[in-house]
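The values are calculated or read from the model by the stated rules, or taken from the named source; none is laboratory data. Only a predicted model underlies this, so the values are computations on that prediction, with no experimental measurement involved. When we count neighbours, we look across all protein chains shown, and the Cβ atoms used for this are built from the backbone with ideal geometry, even at glycine.
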Amino acid sequence: MDRYGVIGHPIRHSRSPAIHQHFALLTGQPLSYERIEGTLEGFESEVIRFFAAGGLGLNVTLPFKERAFALAVERSPRAQVARAANTLGMTLEGTLWADNTDGEGLVRDMTLNLGVTLAGSRVLVLGAGGAARGIVQPLLKAGIAQLDIANRTLMRAQTLVRELESVSNEVPCHAFSWSEIPEHPYEVVINATSTAVAGDMPPLPATLFDQRTLAYDLGYGKGPTPFLELARQAGAGQMEDGLGMLVEQAAESFYLWRGIRPPGAEVLRALRAACH
Ligand code: NAP
């Protein structure tokens, strides 16, 4: 059987095996997909060993996405903007390639599963870490009209905006510190900080949200995240967590490896049903 897997540390709670096994079943693809507990000292040799033993593809999760990007020889443009990779594969010639499917997963979840029109929207991204880096270029490609990035550490947001401007300056992009976030409503506000995990969301102006605003948290878990709760109280029209992005980024990886697009929406429905 063709062999795939996900490597991270810790990896015990990863939902990727369940998602990919479901994809394989629905598309009739004979493959196995395993969890691999990576080590901080040995990540690179563990990846090389996996491919040398005939493995065909790896998903990469925290804390190895930057190291996966550095290890690969061929890197997609979206991985280059992110400077991080969540998908690795091997060409027929034996060259290790890296891609980043997080942003495509977000855009597909928003546009296909949630029916949101990104084209022409004003978008605010909170955070400028690895996840934010992964989503900004696909958002720009989806035709948004304006991209504002706010981060606790202003310099990281400024660096990201400068890098985006060096690739293309068709869409206005601006960096803000948390205390300078503009106080007008956006059509889309995305939480790409890690606050869903720690639950320590700093305050945001209530005026960011109105009935037309989609508040989207990349984080997910049982019940609404602190960001989604804050958005609901401030009057946002729609609140969504990042489970759909998780499924759709996996679907994009599956497509890169197998050339077949699995039905993300169906797997997402099954996952949500299993969570309740
Ligand atoms: P990261 O690289 O560690 O970046 C963390 C970001 O959160 C930084 O911008 C950091 O600001 C900010 N932050 C942390 N604590 C904060 C606080 N108390 N107040 C304000 N800002 C704070 O993490 P990441 O890889 O970007 O991941 C971010 C989140 O995205 C995680 O929850 C992860 O699970 C989620 N994610 C979801 C998916 C999906 O498929 N749904 C995919 C990828 C990631 P500073 O720069 O100031 O430190």
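Does Asp200 satisfy being of a type in the set (Asp, Glu) and closer than 30 Å to Gly57 by Cβ? Here the answer is no, as Asp200 does not meet what is asked. Give the residue that is nearest to the chain's Cα centre (by Cα), with candidates limited to residues of region 153-178 that are within 13 Å of the ligand (Cβ to nearest atom) and closer than 17 Å to Gln80 by Cβ. The residue in question is Leu160. Of all residues in region 157-193 being assigned to a strand (DSSP E or B) and small (Gly, Ala, Ser), which is nearest to Leu124 (Cα to Cα)? Only one residue fits best here, namely Ala175. Here is a list of conditions, (1) within 18 Å of the chain's Cα centre (by Cα); (2) away from the ligand (no atom under 14 Å from the Cβ), and Leu228 meets all of them except one; can you say which number that is? The failed condition is (2).
Given the residues Arg78, Arg108, which is the only one that is over 17 Å from Gly130 (Cα atoms), crowded, with 16+ Cβ neighbours inside 10 Å, in contact with a helix residue (DSSP H, G or I) (Cβ under 7 Å, 6 or more places away or on another chain) and touching a residue at least 24 places away in the same chain (Cβ under 8 Å)? Walk me through how you get there before you give the answer.
Working: Arg78 fails: over 17 Å from Gly130 (Cα atoms).
It is Arg108.
Restricting attention to region 184-212, which residues are under 22 Å from Ala119 (Cα atoms), in contact with a Leu (Cβ under 9 Å, 6 or more places away or on another chain) and away from the ligand (no atom under 11 Å from the Cβ)? Passing the criteria: His184, Pro185, Tyr186, Glu187, Val188, Val189, Leu208, Phe209.
The lone criterion from (1) more than 30 Å from Ser179 (Cβ to Cβ); (2) not in a loop (DSSP other than H, G, I, E, B) left unmet by Leu230 is number (1). The set of residues from region 208-227 being surrounded by 14 or more Cβ atoms within 10 Å (Cβ to Cβ) and outside any strand (DSSP E or B) comprises Leu208, Phe209, Asp210, Thr213, Leu218, Gly219, Tyr220, Gly221, Pro224, Thr225, Pro226, Phe227. Within region 194-207, the residues that satisfy the criterion of being assigned to a helix (DSSP H, G or I) and out of contact with any strand residue (DSSP E or B) (no Cβ under 7 Å at 6 or more places or on another chain) are Thr195, Val197, Ala198, Ala206, Thr207. Give me the pairs, please: first residue somewhere in region 233-249 and under 21 Å from His184 (Cα atoms) and without any contact (Cβ under 8 Å) to a residue 60 or more places away in the chain, second residue anywhere and within 11 Å of the ligand (Cβ to nearest atom) and among the aliphatic types (A, V, I, L, M), beta-carbon distance under 8 Å, and either six or more positions apart or on two chains. What qualifies is Ala234/Leu204. Scanning region 233-261 for residues that are crowded, with 23+ Cβ neighbours inside 10 Å, more than 12 Å from the ligand (Cβ to nearest atom) and either among the β-branched types (Val, Ile, Thr) or not assigned by TED's automatic domain parsing to the domain that holds Val189 (or both) yields one hit, Phe254.
Conditions (1) modelled with pLDDT of 95 or more; (2) within 29 Å of Ala52 (Cβ to Cβ), marked per residue:
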position	(1), (2)
Arg75	yes, yes
Arg83	no, yes
Thr91	yes, yes
Ile149	yes, no
Val167	no, no
Cys173	yes, no
